[in-house]
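Accompanying notes for the structure given below.
Read-outs: derived from the displayed coordinates by stated rules, not from any lab. From a predicted model like this one, the values you see are computed outputs, not experimental measurements. All Cβ positions, glycine included, derive from the backbone under ideal geometry; neighbour counts span all protein chains shown.
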């Protein structure tokens, strides 16, 4: 078995069981129970090609990060906003 990458975090498993073995088994069951035909594509909700969230979040991102990019108005995604 190879060493896991530094970015890989298994903290999520704590939500699926107290022991590591039980958590892994429960997580595996959780993933396998997903019906891929009932999943919705989150990409349908993307605003201007790069922001995923409700309109309050989109406004927050725009106010805090994008309004300062006046010189970058040639970027198609910024034009869409």
Study note, to complete from the structure: So the FRET efficiency between residue 77 and residue 40, C-beta based with R0 = 22 Å and rounded to 0.05, is 0.45
Practice item. Provide Rg over Rh for the chain; use the alpha carbon set for both Rg and the Kirkwood Rh (inverse mean inverse pair distance). Key: 1.18
Revision key, fill the gap. With Cα coordinates, the longest principal axis of the chain makes an angle with the long axis of helix 20-32, in degrees rounded to 10, of 60 degrees
Study note, to complete from the structure: Listed with the fewest Cβ neighbours within 10 Å leading, 59, 19 appear as 19, 59
